[in-house]
There are 2 protein chains.
Amino acid sequence: MKRILILGADGYLGWASTVALHQDGHKLTIVDNYSKRKYMKELNRDPLVTLPKLKTRLTSINKTRHKINIYDKDCTNYVELKAIIKKHKPEVIIHFAELPSAPFSMLNNIYGWKTLQNNIQSTFNVAHIIKEINPDCHIIKLGTMGEYGTPNIDIEEGWLKVNHNGRNDKFLYPRQASSLYHTSKIMDTDLLWFYTRMNNLRVTDLMQGPVYGLCVNSANEKPMESTFTYDDIFGTVLNRFIVQAVAGIPLTVYGSGNQIRGYINIADTIDCIRLTLANTPHSGKLNIYNQFTQQFSVNELAKLVKVSLNEIGINTKITKISNPRIEKEKHYYNAKHTNINKIGLKPTLLDSEVIIDIAKYVLKHKSKINKKIINPKVKWK
Amino acid sequence: MKRILILGADGYLGWASTVALHQDGHKLTIVDNYSKRKYMKELNRDPLVTLPKLKTRLTSINKTRHKINIYDKDCTNYVELKAIIKKHKPEVIIHFAELPSAPFSMLNNIYGWKTLQNNIQSTFNVAHIIKEINPDCHIIKLGTMGEYGTPNIDIEEGWLKVNHNGRNDKFLYPRQASSLYHTSKIMDTDLLWFYTRMNNLRVTDLMQGPVYGLCVNSANEKPMESTFTYDDIFGTVLNRFIVQAVAGIPLTVYGSGNQIRGYINIADTIDCIRLTLANTPHSGKLNIYNQFTQQFSVNELAKLVKVSLNEIGINTKITKISNPRIEKEKHYYNAKHTNINKIGLKPTLLDSEVIIDIAKYVLKHKSKINKKIINPKVKWK
């Protein structure tokens with residue numbers, strides 16, 4: 001049992017982690033200011049199902065185990081976040097309290113700066129408060145594989161050994177992202193590595209690929225739904241494709257579709273969190289894991305959805321549309337991801353069964369799908 | 001003649017550039033919100049001479065050439081900065097509007113975040129506005145050699161070619177700084193490189209070493225003083241040593257004194273600005289220059305001051321004090337700096353004449369020296 005503070009507990013991953021770690025018997029304090037809900041509302045984007053706020057959702061899971069403390073607070077407020085940390089003395093902080101969308105960050109200068117400010121300031125606050133109060137607290141931060149971009153060399157896990165003019169050194173792997181959101185995550189990493197070096201913090205950075213799937217519950221309790229988005233701004237690609245298929249509209253592949261990324265099932269994300277909880281870094285050490293299980297091109301994903309859903313009688317078309325993003329569409333991509341397996345991850349591989357499971361959830365809510373929020377409205381140029 | 005917008009014109013470099021580029025016949029618009037003055041006041045630090053604000057200083061140089069437009073505005077205000085850029089249509093923006101102090105950024109969470117926010121937001125605003133209004137405008141940004149830290153390999157000029165597992169790519173040179181201030185400059189570079197790639201901007205990043213010296217005026221006009229600071233928070237090392245010598249107190253070397261950095265005379269800084277003005281990058285190109293002329297260890301600098309000032313009858317002691325910073329005190333340091341020479345810089349080398357010139361200025365104001373603000377009060381730990 002650990003005392004764990006979860007920042008950003010209302011989100012897709014935040015809520016799934018809350019449920020899982022509560023079931024595991026940890027003592028949780030959770031925080032969210034619902035800013036993502038606020039921005040989705042501003043932009044007329046809704047998740048597939050609008051879930052109640054944390055307090056209401058907690059009533060159904062809050063009886064049998066440790067009581068969960070809950071705060072409606074903004075993690076960019078130093079004083080308030082410090083008060084929470086002082087009071088609850090977490091041994092671990094899991095930091096999900098970031099604005100997570102590339103298109104959101106590229107929409108205009110206001111959302112662009114908001115993404116930079118929210119993500120950098122919340123990370124700064126966590127690191128600075130922990131330095132002040134308890135440098136032994138383990139900070140787990142969600143990074144993204146998008147920080148690496150698409151370099152022409154193998155992507156290592158966080159670090160790169162360089163031999164140059166006959167001398168050697170080891171650096172953070174070069175990062176070069178293709179949105180302001182991903183750039184904000186590069187800055188997060190820089191900040192955390194700074195505080196780790198300077199103040200001997202213990203930090204884990206999970207460089208995560210795009211996530212898909214449902215928050216499935218391994219225990220006896222009913223599955224606890226996590227926010228499922230499928231729109232052009234907040235949705236991730238595989239979930240969006242499945243919604244398009246269920247809604248009977250073509251899957252929209254951006255550009256050539258040869259863009260390759262590493263993907264992960266949300267069930268594995270939760271297992272990765274569990275595994276990193278059990279593997280506290282040494283003092284002054286930044287552990288970096290590339291947190292994905294399989295590489296796919298967008299074309300491969302689209303085909304997999306088409307073929308899988310055909311098994312349950314859904315006929316799907318795939319269409320290529322002009323890429324709203326600026327990104328390489330033909331590129332080398334070979335990213336290592338063995339560190340997380342070494343500490344025990346048993347990957348959930350993507351197959352038709354997984355896709356059909358997600359589609360069944362979406363089918364249950366088919367009437368709620370808003371087809372108007374799927375096609376990309378935000379253009380990089 | 002170019003239309004040039006100078007952001008942060010009240011500072012040590014900002015004012016020196018304003019005077020020089022005005023004399024060169026450029027048409028200037030200058031901006032400052034005097035925030036550095038405000039923070040110096042809050043922290044009871046004064047420059048050697050408190051200069052009048054820009055409007056007053058401009059009266060003495062504003063008659064013969066192009067009228068200088070002047071704004072008391074905050075560059076972190078997107079709307080106001082955009083209005084200035086829309087109105088004056090600069091062909092070049094020189095961005096000095098950053099909080100420049102490592103100790104300031106390490107004082108507490110408030111100044112730490114202020115440094116990150118001010119520096120990242122002003123850079124974000126410049127890049128985003130230029131993207132929106134005129135991507136052809138040349139952005140010249142002052143970076144710092146401190147972004148590179150003290151790696152165990154040669155420091156190249158901005159970029160590093162990497163061969164890894166038989167494949168090749170070129171990246172921004174790995175950056176790893178030893179203060180929040182320097183980290184904010186790493187983030188600036190990431191942002192500018194992002195916008196350069198995405199929107200085909202034209203950007204020059206001047207990775208400058210610690211600056212010393214006076215704002216000397218090559219034309220017939222009287223030298224126009226620039227703010228000269230010597231305190232523990234805003235002063236740079238050589239200027240501070242000279243003030244200590246003149247005040248008859250020992251030069252305080254932090255730690256072993258074996259820390260090596262690349263230094264530059266402010267006269268050369270101005271020439272570098274002139275040279276980069278004449279060398280506009282191609283569209284989509286980020287030009288990076290390591291802007292320093294000589295490497296010295298802190299011990300070498302202290303000895304040079306001692307020996308030089310002995311020539312004019314000033315006897316100086318050197319004392320080593322516990323290093324308030326966290327930095328390597330014994331390290332490899334070999335930084336390239338040929339790019340700026342290739343486009344024409346004739347370096348002003350540091351010798352006893354230069355040091356005596358600075359000392360003469362300080363001697364003139366000897367009675368104003370406040371000995372209490374020189375010893376370091378800000379500790380990294």
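The values are calculated or read from the model by the stated rules, or taken from the named source; none is laboratory data. On a predicted model such as this, the values are computed, not experimentally measured, just so you know. Ideal geometry is used to build each Cβ from the backbone, glycine not excepted, and the neighbour counts take in all protein chains shown.
Remarks
- Out of B:His337, B:His331, B:His282, one residue alone is touching a residue at least 40 places away in the same chain (Cβ under 8 Å), touching a strand residue (DSSP E or B) at 6+ places or on another chain (Cβ under 9 Å) and within 14 Å of chain A (Cβ to nearest Cβ). It is B:His331.
- Restricting attention to segment B:174-209 and to residues that are facing chain A (nearest Cβ under 9 Å) and part of a loop (DSSP other than H, G, I, E, B), the residue that is surrounded by the fewest Cβ atoms within 10 Å (Cβ to Cβ) turns out to be B:Gln176.
- Test: residue in segment A:97-117 that is within 22 Å of B:Leu107 (Cα to Cα) and of a type outside the set (Ser, Thr, Tyr): yes
- Unique match (being farther than 20 Å from B:Tyr12 by Cα and within 23 Å of the chain's Cα centre (by Cα)) among B:Leu81, B:Leu58, B:Leu99: B:Leu81
- Those strands (runs of 3 or more DSSP E) of segment B:1-113 in which at least 3 residues are among the aliphatic types (A, V, I, L, M) and touching a residue at least 40 places away in the same chain (Cβ under 8 Å), considering only elements entirely within it, cover B:3-7, B:27-31, B:92-95.
- Strands (runs of 3 or more DSSP E) within segment B:242-343 that include 3 or more residues in contact with a helix residue (DSSP H, G or I) (Cβ under 6 Å, 6 or more places away or on another chain): B:285-291
- Within segment A:141-189, tally of residues that are within 26 Å of A:Arg202 (Cβ to Cβ), β-branched (Val, Ile, Thr) and touching a residue at least 24 places away in the same chain (Cβ under 8 Å): 5
- Filter pass, A:His164 being of a type outside the set (Asp, Glu) and more than 10 Å from chain B (Cβ to nearest Cβ): no
- Figure legend. Inter-residue proximity from segment B:356-376: first residues in contact (Cβ under 8 Å) with a residue 60 or more places away in the chain and under 16 Å from B:Ala302 (Cα atoms), second residues basic (Lys, Arg) and crowded, with 18+ Cβ neighbours inside 10 Å, beta-carbon distance below 7 Å, spacing 6+ or different chains. Indicated pairs: B:Ile374/B:Arg240.
- Residue match in segment B:213-221 (condition: free of Cβ contacts under 8 Å to residues at least 12 places away in the same chain, away from every other protein chain (no Cβ under 14 Å) and more than 21 Å from the chain's Cα centre (by Cα)): yes
- A single entry from B:Glu157, B:Glu147 fulfils the requirement of being closer than 29 Å to A:Tyr173 by Cβ, in contact with a strand residue (DSSP E or B) (Cβ under 8 Å, 6 or more places away or on another chain) and more than 13 Å from chain A (Cβ to nearest Cβ): B:Glu157.
- Filtered residue count, segment B:67-124, keeping only those that are touching a strand residue (DSSP E or B) at 6+ places or on another chain (Cβ under 9 Å) and under 19 Å from A:Ser122 (Cβ atoms): 0
- Filtered by the rule that a residue be more than 18 Å from A:Val305 (Cα to Cα) and surrounded by 14 or more Cβ atoms within 10 Å (Cβ to Cβ), segment A:344-364 gives A:Leu345, A:Pro347.
- All positions within segment B:119-144 that are more than 21 Å from the chain's Cα centre (by Cα), at the interface with chain A (Cβ under 10 Å from one of its Cβ atoms) and β-branched (Val, Ile, Thr): B:Ile129
- Taken over segment B:210-236, the residue count meeting the criterion of being modelled with pLDDT of 95 or more and either farther than 30 Å from B:Gly313 by Cβ or assigned to a helix (DSSP H, G or I) (or both) is 1.
- Positions within segment B:81-104 being over 19 Å from B:Met207 (Cα atoms) and either within 11 Å of chain A (Cβ to nearest Cβ) or of a type in the set (A, V, I, L, M, F, W, C) (or both), in sequence order: B:Leu81, B:Lys82, B:Ala83, B:Ile84, B:Ile85, B:Phe104
- Count of residues meeting criterion [buried (at least 18 other Cβ atoms within 10 Å of the Cβ) and assigned to a loop (DSSP other than H, G, I, E, B)] in segment A:161-173: 1
- Test result for A:Glu327, modelled with pLDDT of 95 or more, under 22 Å from the mean Cα position of the chain (by Cα) and closer than 17 Å to A:Ile264 by Cα: no
- Residue check, B:Thr76 closer than 30 Å to B:Asn199 by Cα, within 14 Å of chain A (Cβ to nearest Cβ) and surrounded by fewer than 21 Cβ atoms within 10 Å (Cβ to Cβ): yes
- Within segment A:254-268, not a single residue is surrounded by 24 or more Cβ atoms within 10 Å (Cβ to Cβ), within 30 Å of B:Asn152 (Cβ to Cβ) and either more than 14 Å from chain B (Cβ to nearest Cβ) or of a type outside the set (Asp, Glu) (or both).
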